[in-house]
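Below: one structure, written as structure tokens.
Read-outs throughout are calculated quantities, based only on the coordinates presented, and are distinct from any laboratory measurement. These numbers were taken from a predicted model, which means no experiment stands behind them. Positions of Cβ are backbone-derived with ideal geometry, glycine not excepted, and every protein chain shown enters the neighbour counts.
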């Protein structure tokens with residue numbers, strides 16, 4: 001069992017998962033805008049990266065078949081340490097090192113009680129609203145192409 005998960009309260013763990021998910025969906029412009037809007041920029045020390053590499057993408061036929069190597073994907077990862085000692089981690093598909101670095105910084109800032117509300121209000125909530133709007137638009141476009149089939153009974157009773 002993961003010791004970090006045991007030490008972190010359940011609601012805190014779910015909040016961190018939500019924050020990590022939204023940070024992963026944030027665009028480089030959204031991250032840069034939030035960084036520029038941050039009044040007091042923290043002192044950030046790189047621990048690892050940002051560095052770019054390849055990961056093997058594996059697949060399964062039907063979700064339950066034997067695994068096979070589908071191909072490789074480019075990923076970038078980073079770990080940063082704030083002057084307070086809080087570590088932030090990030091990884092993303094692609095090669096945008098600055099986006100991943102900023103994601104790691106905001107991950108660390110979210111973990112600190114003093115800056116969590118700011119990150120929520122100025123970065124995560126706008127990203128969540130944008131993602132919800134994009135999902136609704138996609139659902140609307142998909143619904144417009146749906147065909148409803150029905151069965152007609154032929155002949156007499």
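Translational diffusion coefficient of the chain (Stokes-Einstein, Kirkwood radius from Cα pairs, 20 °C, 1.002 mPa s): 115 µm²/s. Estimated at 0.36 nm per residue, the fully extended path between residue 136 and residue 43 surpasses their Cα-Cα distance by 29.6 nm. Using the rule -39500 (n - 2.57) for each DSSP H run of four or more residues, divided by the residues of the chain, the 222 nm mean residue ellipticity is -14500 deg cm²/dmol. As a rough guide to protection, the peptides 67-80, 88-101 ranked by mean Cβ packing within 10 Å, highest first, stand as 88-101, 67-80.
The listed peptides 118-124, 142-148, 36-42, 105-111, ordered by packing as a protection proxy, come out as 105-111, 118-124, 36-42, 142-148 (highest mean of other Cβ atoms within 10 Å first).
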